[in-house]
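K.L.:
Right, I'll just put the structure down here and ask away after.
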Amino acid sequence: MLGSNIETPEIAILGGGIGGLAAAAFLRRAGLRSMVYEQAPALKEVGAGLVVAPNAARLLRRLGVMEALLRGAVRLDVGWEFRRWQDGTVLSAEDLATGCERLYGEHTYTVHRAELLEVIRSAVPEETVRLGNRCTTLDLGGERPSLRFADGEVVEADIVIGADGVHSVVRGAIAEPRPAAFSGLCAFRALVPGDRAPSFARRHAQTLWIGPNHHLVHYPISAGRFVNLVAFAPAGEDLVESWTAQATIEEFLLEFDGWDPRLVDLIRAAETPGRWALLDRAPLPRWSRGPVTLLGDAAHPMFPFFAQGAAQAIEDAAVLSRCLAEEPADPARALRRYEALRLPRTTRLQAVSHARSDINHLPDGPEQRARDASFTENDPLVANGWIYEYDPDVAMAAETAAG
């Protein structure tokens, strides 16, 4: 049973990250009110850079926040620039300066995560975000879902959206517990001040250096004030899954010993890196239970090898808001539709992201040479069109037409 007015359900969103705030923003755009509960005392995004591909850019434009985003975003001229680990030989590169807009109607950008969070936050009324509210339990036994917070407060809602990340409280009330498997990989993240970065790293390019058991990606962010580094390497068993665990530059350098000296110099110029384990999670068979659902990493955590984590959370938010706006009086039905629309796509992205780690990390030899040769035969910008051309409005219209 819904609350006092079935046309304006009370919607609680757990998590004030990119996905949670995007959900609040798209719900507001659809004429629905929500309250965001974030456990941190301030809205912030740890980590560093991310890629805003055309599928995310068109949705941010729809929210009316692109102008603000472009103040700090870097528009990429070159993407998927694969380089050989030992000498920097360019194996392939894509012209994004003209190709993206021609194919998909939007450019590709790189941004600092905190800058993206802030521009999405600008589309959400300040009074609808409550900070310092850590949810400890979700009870589905009453007429309406009930949220209990660490300070003892209990909040009921007609609809609950779990945008609370990989350690989601909401997920535990929906799906059978599935322990994460250790992937055997760890990730390093670091920022290099732009005035300390070599010129090759300051280009408006997303560059991927690939080699045995490792790869490293770099691109400029924050209007060129920084260069973002993210690297992947074999990991020991003692790492934690955390955005805030730190490593040392020496540990980072050791992983890339013997690589092209230019890359080594770039790492050496970095600020203190973060380091964390990549845990492997199988796709969930379902995201929703009655009037409760999941969004973003809580629903479909994925390896970052296609740079689509934030984009998929934003897509989730756009589809979810449309489903709820069209059936506000029957949230369970609306959420089943949302799940049916989104789960196949995100499951596919989880699979291709998982497979990419093996491809990028081949040891030198016949398979590696065949992979390198294939770069000249394939066009990633076109081959990944199923990712970048996606528009929730088009997808939902097609679903309706199909009956």
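K.L.:
Could you list, in sequence order, the residues of region 268-296 that are of a type outside the set (G, A, S) and out of contact with any strand residue (DSSP E or B) (no Cβ under 7 Å at 6 or more places or on another chain)?
P.N.:
Within region 268-296, R268, R281, P283, L284, P285, R286, R289 meet the criteria.
K.L.:
Pairs please, first residue from region 182-204 and touching a residue at least 60 places away in the same chain (Cβ under 8 Å) and part of a helix (DSSP H, G or I), second anywhere and surrounded by 15 or more Cβ atoms within 10 Å (Cβ to Cβ) and β-branched (V, I, T), Cβ atoms under 9 Å, 6+ apart in sequence or on different chains.
P.N.:
Short answer, once both residue conditions are applied: R196/V227; F200/T207; A201/V192; A201/T207; A201/V227.
K.L.:
Being farther than 28 Å from A313 by Cα, acidic (D, E) and in a helix (DSSP H, G or I) is the filter here, so list the residues in region 350-403 that pass it.
P.N.:
Listed by number, the residues that qualify are E367, D372.
K.L.:
Turning to a different aspect of this structure: Are there any strands (runs of 3 or more DSSP E) wholly within region 51-142 with 2 or more residues that are surrounded by fewer than 16 Cβ atoms within 10 Å (Cβ to Cβ) and among the polar types (S, T, N, Q), and if so which?
P.N.:
135-139
K.L.:
Can you confirm whether T293 is in a strand (DSSP E or B), at pLDDT 95 or above and either more than 16 Å from the chain's Cα centre (by Cα) or surrounded by 18 or more Cβ atoms within 10 Å (Cβ to Cβ) (or both)?
P.N.:
Here the answer is yes, as T293 does meet what is asked.
K.L.:
Would it be correct to say that P285 is in contact with a Leu (Cβ under 9 Å, 6 or more places away or on another chain), crowded, with 20+ Cβ neighbours inside 10 Å and in a loop (DSSP other than H, G, I, E, B)? Full working, then the answer.
P.N.:
On the way: in contact with a Leu (Cβ under 9 Å, 6 or more places away or on another chain): yes; crowded, with 20+ Cβ neighbours inside 10 Å: no; in a loop (DSSP other than H, G, I, E, B): yes.
It is false that P285 is in contact with a Leu (Cβ under 9 Å, 6 or more places away or on another chain), crowded, with 20+ Cβ neighbours inside 10 Å and in a loop (DSSP other than H, G, I, E, B).
The values are calculated or read from the model by the stated rules, or taken from the named source; none is laboratory data. Remember, it's a predicted structure, so these values are computed and weren't measured experimentally. When we count neighbours, we look across all protein chains shown, and the Cβ atoms used for this are built from the backbone with ideal geometry, even at glycine.
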